[in-house]
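Asks: Attaching a single structure in structure tokens format; questions to follow.
The values are calculated or read from the model by the stated rules, or taken from the named source; none is laboratory data. Fair warning: this is a prediction, and the values are worked out from it, not measured in the lab. Don't worry about glycine lacking a Cβ; one is built from the backbone with ideal geometry, like all the others, and counts go over all protein chains shown.
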Amino acid sequence: MGKTFRPYDMSQQLLMPPDLRDWLPEGHLALFVSDVVDELNLRPIVQSYEQEDLRGRPPYHPMMMVKLLIYGYCIGKVSSRKIEQATYDDVAFRVLACEQHPDHDSIAEFRKRHLAELEKLFVEVLMLCERVGLVKLGHVAVDGTKIRANASKYKTARYWELREEEERLEAQVERLLTQAQQIDETEEKLFGKDKRGDELPPELTKRQARLAKIREAKQSLEREAKLKHDKVLKVYEEKMEQRRKAEAAGKKPRGSPPKEPDPKGGVPKESAKTNDTDIDSRLMKDNVTKSFQQSYNAQVAVDSNAHVIVAAMVVQAPVDQEQLVPVLNEVERLCGRKPEVASADAGYFSKAAVTNESLRGVDIYVRPNTREPESDPTIGLKRKPKATEQMWSKLKSEQGSKIYRARSTIVEPVFGYIKHTRGFRYFSFRGLEKVRCEWSLICMTHNLLKLFRAMGARFQPGDLRV
């Protein structure tokens, strides 16, 4: 007598469970995402369709599209093509899509159209985390990481190269336009005026598009140079005003007068670089690979209680020195209060940052970017800034040393999880505003995963109404 096996017949007709949720085990991440999205405010997205023409096929339901995107970002599947394929291959995606299969063009267009509204969901999920006690704001650690832009570094050009390329393309466009005009006049003589002659040759269209990109890149460098010059000029005027007030009060101003900025300083340097694929991205050095790539500097503030991201920003500056104050102010704006303790590495240290008036009440621990006083052989020859001395004193204390050591265990695992485990190493969009929205979406799904691990199967629809 042979061995008996369980019945197995791929051609057998089966009656699937009537409830799609029964296809997944209780407590599955996809079901949790579905329940949470049901509680979020998606009215602006839904209302955006009410003004559209009622003719044609109805669009996919926004609730379904948001669930597919958020679940995809949670598990590191951000490509619209991969999400489309997953609606056929992956049971979780099939459940969220209710056995519908939106094509990748529809998914990509939905994400692009509603990216700004999806960004706002970061605040709502952060509120949910705070409501269940995951956010305490006892100790917040700030850090940044370089994330590659959707652009190649080999498309980077200097200002003088852009100017020469612009002049060359302008000459070519002018020559082609003159040639097209001559052809039109010849054809009119041969065939009469009834024949259309306004079609542009493909060669001319390509050059005009390239010329438009060159001009946009040039204008970006010029705007950046002007903003930098205006900032230098403002600092100069503030210093001169302080000297004038001191002289009016009969006091001798301290130090020598500030150097007047170059009146031509608003013009880009010949060596200034920009990328004509994504003009907002910058060439930055990755501290891990030690290579230079077109990137953005993504900033986060992470709460020590459950490693929830309480603020997220994207900046173009390759260094972090000026980011401490904006990030901590963003924490206060989103959470309604300041953290009790804040820490950051040496890249964030500056006297202006650690003594900023807007951070009054926050106990700040930032390692100075100078040597410790006792290891500095010039300590007797020069006086260190007071802010630096005070910070070293705090960090050398038992409590300060403990707090600063905890910094790396709070914020750095977040970047490791986002980049390594979830595989998010480059942005899908181009342009600073769209990149900021996508980074907020990434950070929102990070917090959503924290919420899932904290609540799991205990979550019930309606528990987190916002």
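Asks: When you check residue 135 against the structure, is it in a strand (DSSP E or B), within 24 Å of the chain's Cα centre (by Cα) and under 30 Å from residue 347 (Cβ atoms), yes or no?
Replies: no
Asks: Looking only at region 282-302, which residues are surrounded by 15 or more Cβ atoms within 10 Å (Cβ to Cβ) and in contact with a Phe, Trp or Tyr (Cβ under 6 Å, 6 or more places away or on another chain)?
Replies: Passing the criteria: 283, 298.
Asks: Of all helices (runs of 4 or more DSSP H) completely enclosed by region 32-110, which ones contain at least 1 residues that are free of Cβ contacts under 8 Å to residues at least 24 places away in the same chain?
Replies: In region 32-110, 43-47, 62-74, 80-89 are the helices (runs of 4 or more DSSP H) which contain 1 or more residues that are free of Cβ contacts under 8 Å to residues at least 24 places away in the same chain.
Asks: Continuing with this model, one more query. Could you please find all residues in region 241-270 being touching a helix residue (DSSP H, G or I) at 6+ places or on another chain (Cβ under 7 Å) and modelled with pLDDT under 70?
Replies: 265, 266, 267, 268, 269, 270
Asks: Among the residues of region 98-109, is any in contact with a Cys (Cβ under 8 Å, 6 or more places away or on another chain) and either modelled with pLDDT of 90 or more or among the basic types (Lys, Arg) (or both)?
Replies: No.
Asks: Please find, among 21, 55, the residue that is among the charged types (D, E, K, R), at pLDDT below 90, loosely packed, with under 10 Cβ neighbours inside 10 Å and out of contact with any strand residue (DSSP E or B) (no Cβ under 9 Å at 6 or more places or on another chain).
Replies: 55
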